[in-house]
Amino acid sequence: MNTHWISGDPPEAPFKAVIFISEKSDQLEGYQEMDDHLMDEVRSMPGFLGYSSQGDGTRSIFISYWKDDTSIAAWRDRRDHLSAKTRAKKGWYRYYHSMVCEVNSSVIFAP
């Protein structure tokens, strides 16, 4: 799992996590371009703290970290993100599951 924090260090809890579990389809025209674009956009969003990701090219888990629900809502309602969700449902994904969670404790061990 690769984790990237905007500030370089993990934030102090509490904060929010959006867990996105997915399986891509074979119909990925335009997917990579949109993914790159959205990653550029999200990095500039107020309240975005970082992300973790793991995948094999088809199945993946992507966790984004946020300051609060207001920040998540601003991202959720962003025009390009809404467009990507529409395209995801029309063919990019076979399956996805999105969950919003509160992180009450965060401990890192990295020898």
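The values are calculated or read from the model by the stated rules, or taken from the named source; none is laboratory data. Just so it is clear, the model here is predicted, and its values are computed rather than measured. Here the Cβ is made from the backbone with ideal geometry for all residues, glycine too, and neighbour counts use every protein chain on show. Just so you know, the surface numbers come from the protein's heavy atoms only, side chains and all, with ligands and any DNA or RNA stripped out. Shrake-Rupley method; radii C 1.70, N 1.55, O 1.52, S 1.80 Å.
If you check 18, 42, which single one turns out to be within 17 Å of residue 103 (Cβ to Cβ), modelled with pLDDT of 95 or more, within 11 Å of the chain's Cα centre (by Cα) and not basic (Lys, Arg)? Among 18, 42, only 18 is within 17 Å of residue 103 (Cβ to Cβ), modelled with pLDDT of 95 or more, within 11 Å of the chain's Cα centre (by Cα) and not basic (Lys, Arg). Among residues of region 91-106 that are within 23 Å of residue 31 (Cα to Cα), those with a beta-carbon under 8 Å from a residue that is open to solvent by less than 40 Å² (accessible area, probe 1.4 Å) and not in a strand (DSSP E or B) at least six positions away or on a different chain give the pairs 91/25; 92/25; 92/31; 93/25; 94/25; 96/88.
For the subset of region 26-65 comprising residues that are assigned to a strand (DSSP E or B) and open to solvent by 80 Å² or more (accessible area, probe 1.4 Å), which member is farthest from residue 2 (Cα to Cα)?
59
Selection over region 83-111 of residues that are of a type in the set (Val, Ile, Thr), farther than 14 Å from residue 61 by Cα and not in a loop (DSSP other than H, G, I, E, B) gives a count of 2. Can you list residue pairs whose Cβ atoms sit under 9 Å apart, with the first residue in region 8-29 being more than 23 Å from residue 89 (Cβ to Cβ) and the second being polar (S, T, N, Q) and part of a strand (DSSP E or B)? Count only pairs 6 or more apart in sequence or on different chains. Sorted first by the residue in region 8-29, then by its partner, the pairs are 10/3; 16/64. As a summary of the residue check, residue 87 satisfies the conditions (1) charged (D, E, K, R); (2) surrounded by 15 or more Cβ atoms within 10 Å (Cβ to Cβ); (3) at pLDDT 95 or above except for the one numbered (3).
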